[in-house]
1. Provide the gained length on full extension for the span Ser74 to Ala127, in nm with one decimal, where the gain is 0.36 nm per separating residue minus the Cα-Cα distance.
2. Order of Ser102, Ser2 from fewest to most other C-beta atoms within 10 Å?
3. What is the order of Ser220, Ser162, fewest Cβ neighbours within 10 Å to most?
4. Post the alpha-carbon centroid distance, segment 149-187 to segment 221-287, in whole angstrom.
5. Give me Lys28, Lys201 sorted ascending by neighbouring Cβ count inside 10 Å, so fewest comes first.
6. Under a Cβ-Cβ cut-off of 11 Å, what is the net charge of the residues other than Gly72 that fall near it, where Lys and Arg count +1 and Asp and Glu count -1?
7. Estimate the FRET efficiency between Glu86 and Ala259 by the formula 1/(1 + (r/R0)^6), using the beta-carbon distance for r and 41 Å for R0, to the nearest 0.05.
8. Classify segment 214-275 from the C-alpha gyration tensor, please: rounded if a/c falls under 1.5, else prolate or oblate depending on whether a/b exceeds b/c.
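Taken together, the values in this text are just the output of simple stated rules run on the coordinates, not laboratory data. This structure is a prediction, so every number in the text was calculated from the model and none was measured. Counting neighbours? That spans all protein chains shown, and the Cβs are built from the backbone with ideal geometry, glycine included.
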Amino acid sequence: MSGFVEIFEMGPRDGLQNEKRLIPAVQKIALVDMLSGCGFRRIEVTSFVSPKWVPQMGDAAEVMAGITRGPGISYAVLTPNMKGYEGARAARAGEVAVFASSSEGFSNANLNATIDETLERFVPIMAAAKADGIPVRGYVSTVTDCPFDGPTPPENVVRVASRLYEMGCYEISLADTIGQGRPETIDAMLSAVLNEIPAEKLAGHYHDTAGRALQNIDASLARGVRVFDAAVGGLGGCPYAPGAAGNVATEAVAAHLAAAGYETGLDPAKIDRAAAFARGLREGELA
Ligand code: HMG
Ligand code: MG
């Protein structure tokens, strides 16, 4: 195989949000700055969410103010509502991401709202972001399995992904939040979504709980998806998804893609150093 496949680095956000120990902002900034030298085009830095819900992300503005922005890199943040969007705009985020679920159980646990209520909250974000010239990415969680509702029917994913796409999200990231997807369930889900959204507008966001994320990436590559979210060191998980382990590790995805003949534009040695640093943050070694 050949061609370019982009890894969207999630480590500072999805990777660190689940850590119980509050990691000092200065160390998060150091991680982002290391990642800026690795060759990524997009790095998800933090979340402008309620600090009561995710205390680890309570220093979002401080982290965004402290990073050294590299040329041509988009620094992304999560925004669940207008309050979050306003924080992101003030922090000069390069792009923002709205996040919805394809299952009601996870929507309620993660955002304290039904799927339709969360989509309504995104309408003013989309309008403000359009006026401000800030691109918006959209996540759809629990695309194959939900920790509360069980298997997710592909038509539920199609409904939410299509709404986000119609609203103006420039890319839809399809998330296996708890890492229970299999190549067959990922393929069935993608096959349904591709009836409505072209592959070049999709990304795969696969947690690696069951060790199948690389297989799920292969199934997605076969369907034409060319963007994958990953976190250095395989850190992370969602605090509102019981049993969710980390994102698939960036270094593993980069090596896997290189072995299959794809270009990623990433520097493996620098990624390994960032991964070691990120793992140290998790273990508190660098505190
Ligand atoms: P709520 O309690 O219903 O909201 O939570 P509320 O509007 O009643 O506000 C409660 C308090 O939070 C208020 O403060 C608000 O001002 C404040 P108080 O008046 O009590 O002092 N607040 C905020 N503060 C800062 N920034 C904000 C903000 N919004 C409200 N943006 C809410 C609803 C959406 C706020 C909450 O549920 C929330 O923040 N959820 C985020 C959960 C989260 O971050 N989860 C992890 C990220 S998603 C993920 O990991 C999945 C993903 O990786 C893909 C995948 O793997 O599936 C993307
Ligand atoms: Mg995630």
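1. Between Ser74 and Ala127, full extension yields an extra 17.1 nm.
2. Ser2, Ser102
3. Ser162, Ser220
4. A separation of 21 Å, based on Cα centres.
5. The order, fewest Cβ neighbours first, is Lys201, Lys28.
6. +3
7. 0.40
8. oblate
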